[in-house]
Amino acid sequence: MKKLFVIAVLAIFTNTAFAATSIHAEVKGMVCAFCAKGISKKLREQDSTQDVWVDLKSRMVVVELKDQKTMSLEAFTKLIKDAGYDVASVEYINKKLLEIKADHTHMKEVK
């Protein structure tokens, strides 16, 4: 029974990481275009990165991952912290960057 439980938990975590298409984070300390450019540059250097979007106003950083590539949330957080910023929250999202931008724009229009 314990083996079955461990296998099920591992399958859930493995599928979540591999199915994710993007990483979404709220980053504290970003206040200017220079901040955004620095974070974007650091994330674009990663082999697993397809595209990056930084929204200063909402303190949002999104990395779209290349097909069949992964990046752990820990590695993502370390990159942001090494650049001098704090990560308030980070999560995997199963959406492409264009979808996330569209959702974000729609939410701004509704307010």
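The values are calculated or read from the model by the stated rules, or taken from the named source; none is laboratory data. Owing to the predicted nature of the structure, the values given are computational and were not obtained by experimental measurement. Positions of Cβ are generated from backbone atoms using ideal geometry, with glycine treated the same way; all protein chains shown enter the neighbour counts.
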Inset, instruction - Filter the range 29-45 for residues that are surrounded by fewer than 16 Cβ atoms within 10 Å (Cβ to Cβ), modelled with pLDDT under 95 and either outside any helix (DSSP H, G or I) or touching an Asp or Glu at 6+ places or on another chain (Cβ under 7 Å) (or both) and give the result. - result: Gly29, Val31, Cys32
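So, Ala33, is that one of a type in the set (A, V, I, L, M, F, W, C) and in contact (Cβ under 8 Å) with a residue 40 or more places away in the chain or not?
no
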Legend entry - Leading residue by the ranking (nearest to the chain's Cα centre (by Cα)) among those in the range 62-76 that are buried (at least 18 other Cβ atoms within 10 Å of the Cβ) and not in a strand (DSSP E or B): Phe76
Legend entry - Complete set of residues in the range 78-102 that are more than 15 Å from Ala20 (Cβ to Cβ) and among the β-branched types (Val, Ile, Thr): Ile80, Val87
Legend entry - Test for Ser48: is it at pLDDT 95 or above, within 11 Å of the chain's Cα centre (by Cα), surrounded by 11 or more Cβ atoms within 10 Å (Cβ to Cβ) and not β-branched (Val, Ile, Thr): no
Inset, instruction - Pull up the range 80-99, narrow it to residues that are surrounded by 18 or more Cβ atoms within 10 Å (Cβ to Cβ) and within 11 Å of the chain's Cα centre (by Cα), then point me to the one that is modelled with the lowest pLDDT. - result: Leu97
